[in-house]
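Structure first, then comments.
Values in this text are rule-based calculations from the coordinates and carry no lab data. Predicted model, so just to flag it, every value in this text is computed and none were measured. Ideal geometry is used to build each Cβ from the backbone, glycine not excepted, and the neighbour counts take in all protein chains shown.
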Ligand SMILES: [Zn+2]
């Protein structure tokens, strides 16, 4: 434990020193996504609280929000202004921290013909689902995603805190040069850091490129995560990326059970976790304090859509335009990818094995479904919560995964992720006890971001009929050119 803390501390210190070396590039991203604080006080009394600081749901001690922050959690809240917005919880209701989706694609792939980031309906839908922070994990249209972040931060439209990722680094980016130079990677990292991204995503990246990306990102105090491989075809095994200093890993943990003679998917499909190879990779994550984003339901989505997880709890297709809805309703279901179906069930065992081996503080929540119209990513957060719960992880730990773990993983754990005085006021008021049934997080009563109170029903109403082309003439804008990355 001591060694792990020390090494982690050393890494953090190195990053800070490196940041001062690049004073001109100190990221404005630390200031980004703070939201526009609402000036009126908010007082929340009654009901229950799960603060993500422990395992228990406790009586709500009384919460006072001022200027977008949690001023008091318990103690004297009578100092609230006379005109405070007062919210009384029912005895069945629970206030929890805002949810954090750390692999939150805004991307749509409505015609199976290339992905496009959707910036009209998704921001409201994320917020309506209690998701107050998102990191898009590789943007298809980084300029439009940056513009969206700025509009949200200025209070011009509702949406979660958007911590931009910028474009993919690797072959997942259309037009990526396979022989890109180290200097070009440095220049790109500098460019996107100046534009305020909060971290980088590698996918389909070669070893020397990943090394350069990690080094330069850390000089800016920014994190790197990767959808990596087995070493097959010049990919990087997560094990080797961890030794390079990567901060987080998406999808699969890697290690010696992944061999360079076959793809990661082929190695992974029927993997077992009671093995020395798994114990070695778990030890490496814990020693280097690297986070793992399990993205369970993304694989279920491409597989047979486990009916327990992929049931509708609201009519999601109402957010499509009438023209697009008719197309989605008429076409046959997307073909099942049997390998991804197998991986879905394998992943459920892997994440539980990692939790049991003491990795519970290193698991994050990521949804990662580019939608093709029948299910939408903002609702996938609840599918991921359910998948994690069904894998056998206790619900209190699942909620910490979805809140404080994800906040820490991207470097904002001191500002977000728990209900504690001084933190930014991002909260969700849910209608029951999520420790008994994680599905109680669905369709929350109220969502608060930066102290501003939102009604999820109004948010959803405002974006009905908005997703997809309005007519055949509009279709080309929703079908960009391939290549289409795998999840
Ligand atoms: Zn992804």
Problem - residue 314-residue 357 FRET efficiency (beta carbon distance; Förster radius 45 Å; 0.05 resolution) - result: 0.80
Completion exercise
Here the gain from full extension of residue 243 to residue 330, 0.36 nm per residue of separation minus their alpha-carbon distance, amounts to 26.4 nm
Practice task
Just need the Rg to Rh number for segment 362-487, please, alpha carbons only, Kirkwood Rh.
Solution key: 1.02
Exercise for the section: Express in whole angstrom the spacing between the alpha-carbon centres of segment 171-242 and segment 50-69. Expected result: 38 Å
Problem - Value of Rg to Rh for segment 243-369 (Rh from inverse mean 1/r over Cα pairs, i.e. Kirkwood) - result: 1.06
Handout entry: Ranked 99, 459, 386, criterion: other C-beta atoms within 10 Å, fewest first
Key = 459, 386, 99
Exercise for the section: For each of 270, 85, count neighbouring Cβ atoms within 10 Å of the residue's Cβ, then give the residues from fewest to most. Expected result: 270, 85
Exercise for the section: Would you mind estimating how fast the chain diffuses translationally, via Stokes-Einstein at 4 °C and 1.567 mPa s with the Kirkwood radius over Cα pairs, in µm²/s? Expected result: 57 µm²/s
Fill in the blank from the handout: Final fewest-first order of 445, 400, 280 on the 10 Å Cβ neighbour count is 280, 445, 400
Handout entry: Full-stretch length increase - residue 92, residue 256 - with 0.36 nm per residue and alpha-carbon distance subtracted
Key = 54.3 nm
Handout entry: Modelled FRET efficiency - R0 22 Å, residue 186 with residue 143, Cβ distances, 0.05 increments
Key = 0.60
Problem - Spatial separation of Cα centroids for segment 290-333 and segment 367-431, in angstrom - result: 18 Å
Problem - Contact order relative to length of the chain, as percent, for alpha carbon pairs under 8 angstrom and 6 or more apart - result: 23 percent
Fill in the blank from the handout: Residue separation between residue 113 and residue 275 times 0.36 nm, minus their alpha-carbon distance, gives in nm 54.3 nm
